[in-house]
Amino acid sequence: MTPILTATDLSLVYPNGNGGLQALDRVTFSAQRNEFLCVIGASGSGKTTLLRLLGGLLNPTEGEVQFEGERMIGPRRRIGFVFQAANLMPWRSALENVKLPLELQGTNSGANSRRAAELLKLVGLVDFENTLPRDLSGGMAQRVAIARALVHEPDLLLLDEPFGSLDALTRERMIFELLRIWQMRKVTILMVTHSIWEAVLMADRVLVLSQRPGSIRLDLEMPLSRPRSLDMMHTPEFGKLVDQVRSAIE
């Protein structure tokens, strides 16, 4: 199968007036359609930088990104992005926040509302269409952000630690909510996380970045059956996978 996303010898140097700070060094990997990948590494290893390069928000110093067979030279409509903070517009309701990308594209307003309502139903917020962000919990706000990223039906969804600011119980619920959405929509997902167990539990493959400048230290398939469950975390197989990822980080 032809990969939906390919990074080849991807390097990036941030100018700093002192020769530059190299964030990434010759990162090479690919992602297949409908695959779920997690990227993990120590702080400062270039995870967010990698995600921004893959989404066309930054241009590499060397190497290239190809999306659906074409070289990436800027943001693409078929790529959705979810950040750690939901970044909702406080004066717009949940429904209005979700349909914002469609409004910016100038599409039909009636169809926009129907599409946004469908996505809120998908993420379990059917009764919160008219709720303002200030009245949503952290988990609810992230669901709205995910719905907003999916509203234009992307082929690739990039997530930058989307559960990092949530409490432990909400984080667990959101993990399985995202897996449910992914299984229903079959979009390719690449998610950055600091949590080893989260990466192992969710992903088809886990990519481990080295210390800065980040490079691929480990590309490990997760041979766990689906659907995933918390009970898997207590199995020897899960423990061995966690140890492999942890050893690569350390």
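The values are calculated or read from the model by the stated rules, or taken from the named source; none is laboratory data. Note that the coordinates shown come from a computational prediction; the quantities given were computed from them, not determined experimentally. For neighbour counting, all protein chains shown are included, and Cβ atoms are generated from backbone atoms with ideal geometry for every residue, glycine included.
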Arg33 being closer than 26 Å to Val208 by Cα, exposed (fewer than 15 other Cβ atoms within 10 Å of the Cβ), basic (Lys, Arg) and modelled with pLDDT of 90 or more: no
Leading residue by the ranking (nearest to Ala42 (Cα to Cα)) among those in region 194-206 that are assigned to a helix (DSSP H, G or I) and under 12 Å from the mean Cα position of the chain (by Cα): Ala199
Residues within region 13-23 that are surrounded by 16 or more Cβ atoms within 10 Å (Cβ to Cβ) and out of contact with any helix residue (DSSP H, G or I) (no Cβ under 6 Å at 6 or more places or on another chain), tallied: 1
Selection status of Glu70, loosely packed, with under 15 Cβ neighbours inside 10 Å, farther than 19 Å from Ala149 by Cα and either in contact with a helix residue (DSSP H, G or I) (Cβ under 8 Å, 6 or more places away or on another chain) or free of Cβ contacts under 8 Å to residues at least 60 places away in the same chain (or both): yes
Residue list for region 164-189, restricted to those being among the hydrophobic types (A, V, I, L, M, F, W, C), under 24 Å from Ile249 (Cβ atoms) and touching a Gly at 6+ places or on another chain (Cβ under 9 Å): Leu166, Met174
Whichever residue in region 74-116 is farther than 20 Å from Leu157 by Cβ and aliphatic (A, V, I, L, M) and, among such residues, is modelled with the lowest pLDDT: Ala111
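Condition check ((1) within 27 Å of Asp243 (Cα to Cα); (2) not β-branched (Val, Ile, Thr)) across all residues:
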position	(1), (2)
Gly138	no, yes
Val144	no, no
Leu150	no, yes
Arg173	yes, yes
Trp197	yes, yes
Asp204	yes, yes
Scan of region 224-250 for residues that are more than 30 Å from Tyr14 (Cβ to Cβ), more than 21 Å from the chain's Cα centre (by Cα) and free of Cβ contacts under 8 Å to residues at least 24 places away in the same chain, ordered by number: Ser225, Asp231, His234, Thr235, Pro236, Glu237, Gly239, Lys240, Asp243
Of residues in region 151-193 being among the aliphatic types (A, V, I, L, M) and part of a loop (DSSP other than H, G, I, E, B), the one surrounded by the fewest Cβ atoms within 10 Å (Cβ to Cβ): Leu166
